[in-house]
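Reading through the structure tokens given below for one structure.
The values are calculated or read from the model by the stated rules, or taken from the named source; none is laboratory data. Note that the structure is a prediction, hence the values are computed from the model and not measured. Counting neighbours? That spans all protein chains shown, and the Cβs are built from the backbone with ideal geometry, glycine included. These area figures cover heavy atoms from the full protein model, side chains too; ligands, DNA and RNA do not enter into them. Shrake-Rupley method; radii C 1.70, N 1.55, O 1.52, S 1.80 Å.
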Amino acid sequence: MKTRGFVNAVIGIWFILAPWMLGFSYDAGATSSSIVFGILQVIMSSWGANKPGWNSWQNWISLITGLLFILFPFIYSLTDGVLWSSIILGLMTVIFSLWSLSSKSKLKAVS
């Protein structure tokens, strides 16, 4: 798995754990959204890590998940700690997803 895919997977794991680590597990909607999108992030970033290029739908899903991570604290009116964690990690997800999307695949010639 490429480094950016690994980092995005770790970010997904963080969002799975965040409701308890950052203390918003009392909000059922925020908790379930964080877990679902965290799991989706882990799966898509792992699956799409070796599939660079604009045709990689896995990296597009990862990009969309990153955008949702950015919007997440505003949707659920969460506190400052959750706000900044979500925005920073969401931006990292978007950047790494765009990086993967813009990468060219390296096909090896078979002789």
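Numbers at a glance
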read-out	value
Solvent-accessible area per residue for the range 62-107 (1.4 angstrom probe, square angstrom)	57 Å²
Residues residue 70 and residue 31, FRET efficiency given R0 of 30 Å [Cβ-Cβ distance, rounded to 0.05]	0.95
